[in-house]
1. Please determine, by comparing only the residues of region 9-40 that are at pLDDT 95 or above and among the aromatic types (F, W, Y), which one is farthest from S58 (Cα to Cα).
2. Name, by its number, the condition in (1) surrounded by 12 or more Cβ atoms within 10 Å (Cβ to Cβ); (2) under 20 Å from N13 (Cβ atoms); (3) of a type in the set (A, V, I, L, M) that does not hold for V76.
3. Quick test of your reading of the structure: Q6 fulfils all but one of (1) under 14 Å from the mean Cα position of the chain (by Cα); (2) in a helix (DSSP H, G or I); (3) modelled with pLDDT of 95 or more. Name the failing condition by number.
4. On the basis of being farther than 16 Å from I11 by Cβ, assigned to a helix (DSSP H, G or I) and over 15 Å from the mean Cα position of the chain (by Cα), does R102 make the cut?
Amino acid sequence: MATVDQYREHIKNLLTARVKLVWDKRIQAQTIFDTQGDHYLLIYVGWRESNRIYGTVSHIDIIDGKIWIQQDGTEVGIANELVELGVPKHDIVLGFDPPKFRDCTGFAVG
């Protein structure tokens, strides 16, 4: 059985790996890890010509021992990658889905 400490490491490793995937040198990917509050973010910051680039790509929290994916702008899906790492689906909540539809996802409802 996985522990919250293992969940923290999985999340940090997945978000850190995504920093290397930024293809545009004008855009900086930043990870923000609040391990005491269990909040983990990947954001993009930069400029493309006169257009400001700023936004949260991924936002993950650990709440009551479960991984809450609040935002996921990845192609593969952080939830799927966590499952591949051995995290059981009943410990992953897709927080971006409306609560009334979460029971249809195969993941935890909350």
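1. F33
2. (1)
3. (1)
4. On the way: farther than 16 Å from I11 by Cβ: yes; assigned to a helix (DSSP H, G or I): yes; over 15 Å from the mean Cα position of the chain (by Cα): yes.
So R102 passes the test.
Per-residue answers, yes or no, for (1) of a type outside the set (A, V, I, L, M); (2) touching a Lys or Arg at 6+ places or on another chain (Cβ under 7 Å); (3) over 22 Å from T35 (Cα atoms):
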site: I67; (1), (2), (3): no, no, no
site: L82; (1), (2), (3): no, no, no
site: F96; (1), (2), (3): yes, no, no
site: P99; (1), (2), (3): yes, no, yes
site: T105; (1), (2), (3): yes, no, yes
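Residue-by-condition table, conditions (1) among the basic types (K, R); (2) surrounded by fewer than 13 Cβ atoms within 10 Å (Cβ to Cβ); (3) part of a strand (DSSP E or B):
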position	(1), (2), (3)
A29	no, no, yes
L42	no, no, yes
W47	no, yes, yes
R52	yes, yes, yes
T56	no, no, yes
D61	no, no, yes
G86	no, yes, no
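The values are calculated or read from the model by the stated rules, or taken from the named source; none is laboratory data. All values reported here derive from a predicted model rather than from experimental measurement. Glycine also receives a Cβ, built like all others from the backbone with ideal geometry; neighbour counts cover every protein chain displayed.
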